[in-house]
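To start, the structure itself, in structure tokens.
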Amino acid sequence: MIQGAIDVEGRCRHWHTLVDVVANKCRTCSGWFACSLCHAELTDHEFGAMPKDELCVMCGACGHQMTFAEYSAYKCPACGHAFNTGCALHAGTYFR
């Protein structure tokens, strides 16, 4: 389950365009969060960046879990749903 989401595809109050449909996994708590701001509101710890070679991103449209390399195509390899390319600006928060 994606925590901090406001709709069934994982869009939250912070990021909610049609392409904001990914969840990021926190290495610290293993939870899936719509964004790091939601994580900060719902937990008592810093967002732990995930290794890029592990399953660290989930498509909110179909639930497919992927590595950073798969995610970097900015569309889901399973269902083809487009992802927000602007998320690249926050890669340092989510991946190491």
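May I ask you to say which residue of 93, 85 is hydroxyl-bearing (Ser, Thr, Tyr) and surrounded by 14 or more Cβ atoms within 10 Å (Cβ to Cβ)?
On the way: 85 fails: surrounded by 14 or more Cβ atoms within 10 Å (Cβ to Cβ).
Going through 93, 85 in turn, just one is hydroxyl-bearing (Ser, Thr, Tyr) and surrounded by 14 or more Cβ atoms within 10 Å (Cβ to Cβ): 93.
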Exercise. Quick one: is residue 59 surrounded by 15 or more Cβ atoms within 10 Å (Cβ to Cβ), modelled with pLDDT under 95 and out of contact with any strand residue (DSSP E or B) (no Cβ under 6 Å at 6 or more places or on another chain)?
Worked result: no
Problem set entry | Matching option when the condition is open to solvent by 30 Å² or more (accessible area, probe 1.4 Å), among the hydrophobic types (A, V, I, L, M, F, W, C) and over 13 Å from residue 87 (Cβ atoms), among 1, 66 | 1
For this session: Quickly run through the stretch 31-46 and pick out the residues that are over 12 Å from the mean Cα position of the chain (by Cα), in a loop (DSSP other than H, G, I, E, B) and not β-branched (Val, Ile, Thr).
Result: 44, 45, 46
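Collect the residues in the stretch 4-56 that are among the aliphatic types (A, V, I, L, M), under 14 Å from residue 84 (Cβ atoms) and open to solvent by 70 Å² or more (accessible area, probe 1.4 Å), keeping them in residue-number order.
Initial filter on the stretch 4-56 (among the aliphatic types (A, V, I, L, M)): 5-6, 8, 18-19, 21-23, 34, 37, 40, 42, 49-50, 55.
Now restrict to residues that are under 14 Å from residue 84 (Cβ atoms): 18-19, 21-23, 34.
Hit for the stretch 4-56 is 18, nothing else.
The values are calculated or read from the model by the stated rules, or taken from the named source; none is laboratory data. Not measured: the values here are computed from a predicted model. Glycine also receives a Cβ, built like all others from the backbone with ideal geometry; neighbour counts cover every protein chain displayed. Ligands, DNA and RNA are stripped out before the accessible areas are found, and what is left, the full protein with its side chains, is counted by its heavy atoms. Shrake-Rupley method; radii C 1.70, N 1.55, O 1.52, S 1.80 Å.
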